[in-house]
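Novice: The structure is given below, and queries will be raised subsequently.
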Amino acid sequence: MTTISRVETFLVAPRWLFVRIETDSGIVGWGEATCEGRSETVRTAVEQLAEMIVGRDALRIEDHWQVMTKGSFYRGGPILSSAVSGIDQALWDIAGKHLGAPVHQLLGGPVRDRIRVYGWVGGDEPAEVADHIRAQVEAGLTAVKMNASGRMSPLGSVAELDGVVRRVAAAREVLGDERDVAVDFHGRFSLATAKRVAPLLEPYRPFFLEEPVVPENSHLIGEFVRSTTTPVSTGERLYSRQEFLPVLQAGIAVAQPDLSHAGGITETRKIATLAETFDVQLAPHCPLGPLALAACLQVGFATSNHLIQEQSIGIHYNEGAEVLDYVLDTAPLQFVDGYIERFTGPGLGVEIDEQAVRRADEKGHAWRGPVWRHTDGSFAEW
């Protein structure tokens with residue numbers, strides 16, 4: 001038996017929470033429990049969940065997942081699910097290292113040799129968008145994602161709607177016909193405004209339109225799906241199969257669970273299987289660190305309906321540290337013609353620089369998302 005002897009957490013710049021699980025056999029597993037803006041709270045949740053697993057067999061991953069998610073009368077939500085996610089990733093890392101195999105081999109073996117990746121691009125004006133996309137293309141990417149807009153009025157003005165169209169048009173001009181642009185509504189649009197702008201974007205053939213409504217309004221997403229021929233995606237703020245079921249039934253084309261929020265590798269694999277029964281593709285959300293990215297990739301290598309993988313190398317959130325800063329060997333995470341090649345190392349396949357992580361945790365972080373307001377002073381969705 002490989003017994004769990006210690007669980008540690010590390011708040012590291014720019015906004016991540018790493019989980020380290022040590023076993024009595026000397027094997028160490030790493031995971032990422034980041035919950036943007038709430039990672040300190042998740043840290044406490046990890047400490048509480050550790051009480052359930054320390055002293056137990058690290059290889060009983062599914063059993064630990066069941067106990068951690070159901071062992072309290074009150075369940076679910078982003079804090080608990082993120083804590084479970086980081087622990088779950090670390091346990092899979094341990095299992096792979098114990099057996100001398102990458103996690104995707106434990107999940108049934110590879111179904112692909114490489115995974116296509118995309119990067120996020122910013123820019124408030126069309127010219128800025130174009131410059132940022134050129135930089136991503138020069139870095140070797142064949143797909144990007146951009147925000148549809150900044151702050152959006154409840155019923156978007158002509159200027160706001162035209163601004164969305166101009167920016168997406170600028171992206172398409174740079175990308176040409178051979179590359180893809182996904183457009184993220186980020187839950188900033190009311191249903192009425194989202195329905196109004198979607199047809200205006202169809203001539204530019206977006207890869208998909210992401211999160212057209214906030215997750216608590218998932219019951220409305222079917223109406224948006226029916227308003228456009230463009231594929232619709234959502235899921236970064238959905239945390240279980242049960243939460244994904246209604247949006248799958250509503251007709252989304254792409255499911256985007258976040259492996260640091262949606263129960264880790266264990267639950268995301270189940271979400272992917274459920275999505276497959278609706279002919280829906282998997283594109284995990286991941287504007288996070290190297291462990292979250294590695295976990296996503298391991299799932300992708302073994303999941304037949306995996307579409308593309310988000311990654312955050314160079315994203316604007318990464319102030320004070322970058323994705324590769326905590327990795328000893330960066331070669332596995334290098335882009336090759338817009339793809340990341342299949343990992344061969346055991347576990348998650350990335351080797352963490354523990355000393356760098358411990359140094360970063362001495363400073364910690366208290367990252368918070370911005371609070372936006374409309375011109376009348378009322379709250380606006382970020």
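The values are calculated or read from the model by the stated rules, or taken from the named source; none is laboratory data. These figures come from a predicted structure and were not determined experimentally. Here Cβ is always computed from backbone atoms with ideal geometry, including for glycine, and neighbour counts include all displayed protein chains. For accessibility, only protein heavy atoms count, side chains too; no ligands or nucleic acids. Shrake-Rupley method; radii C 1.70, N 1.55, O 1.52, S 1.80 Å.
Novice: Once the mean 1/r over all distinct Cα pairs of the stretch 178-263 is inverted, what Kirkwood radius in angstroms do you read off? Intermediate values should be presented prior to the final figure.
Specialist: Details: mean 1/r = 0.0777 Å⁻¹.
Across the stretch 178-263, the inverse of the average 1/r is 12.9 Å.
Novice: Let me ask something else. Considering Cα pairs under 8 angstrom that are at least six residues apart, work out the relative contact order of the chain and quote it in whole percent. Mind dumping the intermediate values first?
Specialist: Details: 840 pairs, mean separation 83.2, N = 382.
In percent, rounded to a whole number, it is 22.
Novice: Considering amide H positions built from the backbone, and no H for Pro or chain starts, which residues 5 or more places from SER5, or on another chain, come under 5 Å of its amide H?
Specialist: It is GLU22, THR23, ASP24, GLY55, by chain and number.
Novice: Residue separation times 0.36 nm, minus the C-alpha to C-alpha distance between ARG6 and LEU200: what's the value? Before the final figure, lay out the partial values.
Specialist: Details: separation 194, 0.36 × 194 = 69.84 nm, distance 5.41 nm.
Length difference between fully extended and current span is 64.4 nm.
Novice: Using only Cα atoms and rounding to the nearest 10 degrees, what angle (0 to 90) does helix 78-99 make with the longest principal axis of the chain?
Specialist: 50
Novice: Moving to a separate point now. Exposed loop trypsin sites (Lys or Arg not before Pro) only (DSSP loop, at most 16 other Cβ atoms within 10 Å): please give the longest stretch of the chain free of them, not including the sites. Walk me through the numbers before you get to the answer.
Specialist: Numbers: sites that count: ARG56, ARG75, ARG112, ARG151, ARG226, ARG368.
That would be 227-367.
Novice: What FRET efficiency, computed as 1/(1 + (r/R0)^6) with R0 = 35 Å and r the Cβ-Cβ distance, is obtained for ASN217 and GLU125, rounded to the nearest 0.05? Intermediate values should be presented prior to the final figure.
Specialist: Numbers: r = 30 Å, r/R0 = 0.85.
For R0 = 35 Å, the calculated efficiency reads 0.70.
Novice: I'd like the orientation of helix 191-201 relative to the chain: the angle between its Cα long axis and the longest Cα principal axis, in ° from 0 to 90, rounded to 10.
Specialist: On a 0 to 90 degree scale, this one is about 70.
Novice: Any idea what the alpha-carbon Rg over 2.2 N^0.38 Å comes to for the chain? Provide the component values of the computation, followed by the final result.
Specialist: On the way: Rg = 20.2 Å, N = 382, 2.2 N^0.38 = 21.1 Å.
In units of the 2.2 N^0.38 Å rule of thumb, it is 0.96.
Novice: Relative contact order of the stretch 13-104, please, whole-number percent, based on alpha carbon pairs below 8 angstrom and at least 6 residues apart.
Specialist: Details: 129 pairs, mean separation 35.1, N = 92.
RCO, the stretch 13-104: 38 percent.
Novice: Please give the calculated 222 nm ellipticity per residue for the chain, where each DSSP H segment of at least 4 residues contributes -39500 (n - 2.57) and the sum is spread over every residue; nearest 500 deg cm²/dmol?
Specialist: Working: 12 runs with 143 residues, N = 382.
For the chain, the value works out to -11500 deg cm²/dmol.
Novice: Summing +1 for each Lys or Arg and -1 for each Asp or Glu, what net charge is found among the other residues whose Cβ lies under 9 Å from the Cβ of VAL181?
Specialist: On the way: positive: LYS145, ARG172, ARG179, ARG205; negative: ASP180.
In short, +3.
Novice: Roughly what angle does helix 158-175 make with the longest principal axis of the chain, taking Cα atoms, 0 to 90 degrees, to the nearest 10?
Specialist: It works out to around 70 degrees.
Novice: Let me ask something else. Cα centroids of the stretch 305-382 and the stretch 79-152: how far apart, whole angstrom?
Specialist: Centre-to-centre (Cα) distance: 9 Å.
Novice: If the elastic network links every pair of Cα atoms under 10 Å, which of GLN48, GLN298, GLN256 fluctuates the most in the Gaussian network model of the chain?
Specialist: Among GLN48, GLN298, GLN256, the largest mean-square fluctuation in the Gaussian network model of the chain belongs to GLN48.
Novice: Take the Cα atoms of the stretch 1-140, find their three principal axes, and give me the spread along each one in whole Å, biggest first.
Specialist: Computed over the Cα atoms, the extents are 57, 35, 25 Å.
Novice: Oh, and also: Around GLU267, under 9 Å between beta carbons, what's the net of Lys plus Arg minus Asp minus Glu among the other residues? Don't skip to the end; give the middle numbers.
Specialist: Details: positive: ARG241, ARG269, LYS270; negative: ASP88.
Taking every Cβ under 9 Å from that of GLU267, the sum is +2.
Novice: Compute the accessible area per residue over the chain, keeping the other protein chains in place, probe 1.4 Å, unit Å².
Specialist: Working: 15500 Å² over 382 residues.
Using a 1.4 Å probe on heavy atoms only, each residue of the chain averages 41 Å².
Novice: Right, something else. List the residues, sorted by chain then number, that are 5 or more residues from LEU282 or on another chain and whose placed amide H is less than 5 Å from its amide H.
Specialist: Residues meeting the amide H criterion: ALA255, HIS306, LEU307.
Novice: OK, next. For the stretch 227-316, what does the equivalent ellipsoid look like in terms of its semi-axes, each the square root of 5 times an eigenvalue of the Cα gyration tensor, given largest first in whole Å? Don't skip to the end; give the middle numbers.
Specialist: Working: eigenvalues 81, 42, 28 Å².
The answer is 20, 15, 12 Å, longest axis first.
Novice: Separation between the TYR74 and ASP162 pseudo-spin-labels, each 7 Å from Cα along Cα→Cβ, expressed in nm?
Specialist: 5.0
Novice: Largest first and to the nearest Å, give the Cα extent of the stretch 36-99 along each principal axis.
Specialist: Computed over the stretch 36-99, the largest-to-smallest principal extents equal 35, 25, 17 Å.
Novice: List the aspartates and glutamates whose Cα lies under 13 Å from the Cα of LYS97, skipping any in the same chain that are fewer than 8 positions away.
Specialist: Answer for LYS97, where 13 Å is the Cα cut-off: GLU22, GLU351, listed by chain and number.
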